[in-house]
1. Which residues does a label at residue 123 reach in segment 167-184, if reach means a backbone N under 19 Å from a point 7 Å past the Cα toward the Cβ?
2. Roughly how many nanometres apart are two label points built 7 Å out from the Cα toward the Cβ at residue 348 and residue 221?
3. Got the relative contact order for the chain handy, in percent, Cα pairs under 8 Å and 6 or more residues apart?
4. Can you figure out the FRET efficiency of residue 184 with residue 38, using R₀ = 41 Å and their beta-carbon distance, to the nearest 0.05?
5. Rounded, prolate or oblate: pick one for segment 23-85, where a ≥ b ≥ c are the square roots of the eigenvalues of its C-alpha gyration tensor, a/c under 1.5 means rounded, and failing that, prolate if a/b is larger than b/c, else oblate.
6. Counting DSSP beta bridges in segment 90-388, what percent are antiparallel, to the nearest 5?
7. Between residue 65 and residue 236, what is the FRET efficiency for a Förster distance of 56 Å, r being their Cβ-Cβ separation, to the nearest 0.05?
8. So what's the angle, to the nearest 10 degrees on a 0 to 90 scale, between helix 302-311 and the longest Cα principal axis of the chain?
Ligand code: SAH
Ligand code: SF4
């Protein structure tokens, strides 16, 4: 960390140490699971194999009951049941939008709640998961950013979101059945609540579990992590997770980006772009997604589109234009469809893919940036939201 004043508030970070009482096996990486089994009395020579067996039951077959782990002896299963639990976050409510989008409200330890969104499409199904309760950052167009209470999710709570969605979609494999090629839940985006790079280790551990070939087995190319621009953690994302990267870019001058994405005051555009140019995957021509929310009269001019093209010159990129999703009290308006089209055309003509993200699940407040725990009481006032937006 450099000497500049941090702009984050304090995060109530959950300790990564195991809590008292039966230990949850969810969220442990393979080595941690092996160590936990040794600590519970499993012979060192056998522990790796046992961890592998249990891993498959939990993450490949979706089993939650030790008694169903039939390749383990009865006594061993009894020991496991006494020492460990297999515990997922609790789904409190599930809403289904007219367009098939599902939004789950999920309760985690401490009574906190986070939202998880499942978006079905013809060729894929994407789960948008959260990495924090709330967010310490205060992007002025984002509903989550108005939530004061913040806590990092544990690795168990992050991978648990994927598992509860697979439960709901009834997608755990059935023994003996043929493998289904097109999965209902085929892609993960870390685009729910929170800044994933402010919870790096837990996000990394959870994604490693999701990618493990003997479990949920999602390819690294089907996982996209979205960051607002935590520059020092960007290279680590490629090295330690290896997933695809999306960046909440949203503006083409520091002056505007400071207002929209305040983390820009700490790591301005030039530093962010340097980090993106150096992103190790870029050398393999893996494209970075630039997210760009379309806000009427703020960042949506032709001049912005031209500046954007100049800024990202040399970076393999896709520009994802997101029509602003409104939320109660939001200080911005969505750009008109004509404006969005004109902006997209300029970018397209410069040779970049510029898909306009179709808002999904708006009727259930499940669209990008609309997520916010309903139970969260400490809200910012309308006046404060406007002040933060520099209005
Ligand atoms: N914190 C991370 C990931 C979560 S937000 C990040 O900021 O990148 C996922 C995307 O939705 C981000 O690009 C975010 O800027 C965008 N977003 C937030 N609020 C929005 C809104 N009201 N309308 C449209 N997009 C929004
Ligand atoms: Fe946090 Fe992302 Fe929302 Fe900004 S856009 S407040 S970083 S969740």
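Where a number appears in this text, it was derived from the coordinates with a stated rule and is not lab data. Bear in mind the structure is a predicted one, so any value in this text is a computation, not a measurement. Please note: Cβ atoms are built from the backbone with ideal geometry, for glycine as well, and neighbour counts cover all protein chains shown.
1. Correct set: 181-184.
2. With each label point 7 Å from Cα toward Cβ, the separation is 2.5 nm.
3. 17 percent
4. E between residue 184 and residue 38, to the nearest 0.05, is 0.65.
5. rounded
6. Percent antiparallel among DSSP bridges in segment 90-388 is about 50.
7. The value I calculate is 0.90.
8. The angle comes out at about 50 degrees.
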